Structures are given as structure tokens and as C-alpha cells.
Amino acid sequence: MNSDQSEIFCRSAGTTHVGAVRARNEDAFLDEQENRLWVVADGMGGHDAGDVASGLLIEHLHGLTGNTIDAVEQAVLDAVANADAAMQEWICSAKSPRGMGSTIAMLAIRHRQCVCVWAGDSRIYRLRAGALRRLTHDHSEVQELIDAGIIDNDAGETHPARNIITRAVGAGGSRAPDARRYNVESDDCFLLCSDGLNGVVRDAEIAEVMQAGDPEDIVQALLHLSLTRSVSDNVTIVAVNAC
């Protein structure tokens, strides 16, 4: 990891949209540029429960502090555990007998390092020197098939199980999120998104749009591209440019 302890400045923007088909938006996001913390959450659980789940997760992550990468990672994991408990309490109140849960894709930057925390199939990408890299690894049935060599990435895009995730916050007994750290360089561009985006926009297209560099331009262009393809899911996008 880069030992440079100087703080890095970031510009960011985010947006969420119900999409072209659904009546309710169960996605939520957090864009805390000054705090250098960003989150995308995709709720699930049917009528009412999905947006409650993502909302509870965002509520617990809002305003988290931590001056070091170690501190902020631990604060996020603690907040996720508390959000999970709050979801279980909500379920036990019989408001959601079907259960509820939410994906999470969280990025925090401290001192030229970042930590990604995720569960489910919401993603974090990084564009560096024109090359796109996905920093998260989907927790999904399709990803397990790809990892096992049973199908390839192209087949996964149309597989009937592509929307079935294997890990989430809440959802009853799910494992803890994964966490991974990376170095951050000036001019790195990060993108957090729910599967509503990457379900209709290919990675190569995402990379092309991210070349624009300006976070607001990126999120609006990707949202427009999704809507022109009649995205059936909710779509949420957060772009972060490290300066």
C-alpha cells in the first residue's frame, strides 16, 4: 500500500432512479464527499420492505467518522451489523413476514488508501489510466457458476439466476460483508452502482463514460444510457473522482 499519509481531495455525485418498469424505488445511496464515504444499497423484500431495508442501512452508515483506514473500516462493519439487527427487529415486528435485506457497496478513502465493503451484487469499479477494474466480487449464484467455470461472463449476463444473490445485510443469517483495501492515486475515478446499471450497460461502455472524469457528467450519462434501454430494475450510480 502507498505509505503517503497526505489526505486526498475527492469530488463526487450520485443519483437514483426507479427505472422504466417498477413502481417503487428500493435503492438508496449516500454521497458524503466531505467525509470521503460513499454507499449504494439495493433493498429487497417485497412491498414496503425493500426500501425500508436500504433506508435502514443508509441511516446507520450516515456520518460515520474515522481518521484512519482501520478506524473507518471497523466503524462501517459495526454499522452494518447494527443495521442488520435493526432489520431483524423490523421483521420480528411482523411488518415483513417475507423477510428483508439489502446489498451494500461502500467506498471510503483515507490518506491515499481506500476500503471497499460489499455484500450482494452492487458493485464498485475503478478507472485508472484508462483501464477499468471491478474492485468487488459479486455474491450471486451466477458469479459462483462463473467462478466454477460452468459458464462464462457473457452467459452470465442473460442467465435466469442472474438476480439471485447469496449474501446481503439482513436476509436472515447472511454472512458478514467482504472488505478489501486498495491504494488511491490522483485521477483515479470510482463508480458505485446497483445491478440496475450493469444489468443493461456493459463494462466497456461504463469505462468509456467514466473517461469524462466529471462525477456529475458520469452519473447523468450512465443514467440516461440505462433509461434509453428501458432498464427494468431501479438504478443507482455514485461517481467519485480522486484529485
* A204 modelled with pLDDT under 95 and either surrounded by 14 or more Cβ atoms within 10 Å (Cβ to Cβ) or not charged (D, E, K, R) (or both) -> no
* Residue check, S194 touching a residue at least 24 places away in the same chain (Cβ under 8 Å) and surrounded by fewer than 20 Cβ atoms within 10 Å (Cβ to Cβ) -> no
* In region 16-42, what count of residues is obtained for those that are under 28 Å from T68 (Cα atoms) and assigned to a strand (DSSP E or B)? -> 11
* To do: Please work out which residue is nearest to G19 (Cα to Cα), limiting yourself to region 227-243 and to residues that are buried (at least 24 other Cβ atoms within 10 Å of the Cβ) and in contact with a Leu (Cβ under 9 Å, 6 or more places away or on another chain).
  => V235
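This table checks each residue for (1) within 19 Å of V235 (Cα to Cα); (2) modelled with pLDDT of 95 or more; (3) in contact with a helix residue (DSSP H, G or I) (Cβ under 9 Å, 6 or more places away or on another chain).
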{"site": "D48", "(1), (2), (3)": "yes, no, no"}
{"site": "V52", "(1), (2), (3)": "yes, no, yes"}
{"site": "L57", "(1), (2), (3)": "yes, yes, yes"}
{"site": "V72", "(1), (2), (3)": "no, yes, no"}
{"site": "M87", "(1), (2), (3)": "no, no, yes"}
{"site": "K95", "(1), (2), (3)": "no, no, yes"}
{"site": "C114", "(1), (2), (3)": "no, yes, yes"}
{"site": "W118", "(1), (2), (3)": "yes, yes, no"}
{"site": "D121", "(1), (2), (3)": "yes, yes, yes"}
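Rundown of residues vs (1) in contact (Cβ under 8 Å) with a residue 60 or more places away in the chain; (2) touching a His at 6+ places or on another chain (Cβ under 9 Å), yes/no style:
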residue	(1), (2)
A86	no, yes
S102	yes, no
I109	yes, no
R134	yes, no
Q143	no, yes
D147	no, yes
A155	no, no
* Scan region 218-243 residue by residue and report those that are hydrophobic (A, V, I, L, M, F, W, C) and not in a helix (DSSP H, G or I). => V231, V235, I237, V238, A239, V240, A242, C243
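Conditions (1) within 17 Å of the chain's Cα centre (by Cα); (2) closer than 17 Å to C193 by Cβ; (3) buried (at least 19 other Cβ atoms within 10 Å of the Cβ), marked per residue:
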residue: L30; (1), (2), (3): yes, yes, yes
residue: Q33; (1), (2), (3): yes, no, no
residue: L57; (1), (2), (3): yes, yes, yes
residue: H62; (1), (2), (3): yes, no, no
residue: I69; (1), (2), (3): no, no, no
* H60 fails exactly one of the following numbered conditions: (1) of a type outside the set (S, T, N, Q); (2) assigned to a helix (DSSP H, G or I); (3) touching a Phe, Trp or Tyr at 6+ places or on another chain (Cβ under 9 Å). What is the number of that condition? -> (3)
* Structure fact -> Those residues of region 207-226 which are crowded, with 19+ Cβ neighbours inside 10 Å and closer than 20 Å to D154 by Cβ amount to S226
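The values are calculated or read from the model by the stated rules, or taken from the named source; none is laboratory data. These figures come from a predicted structure and were not determined experimentally. Virtual Cβ from ideal backbone geometry, glycine too; neighbours counted across all protein chains shown.
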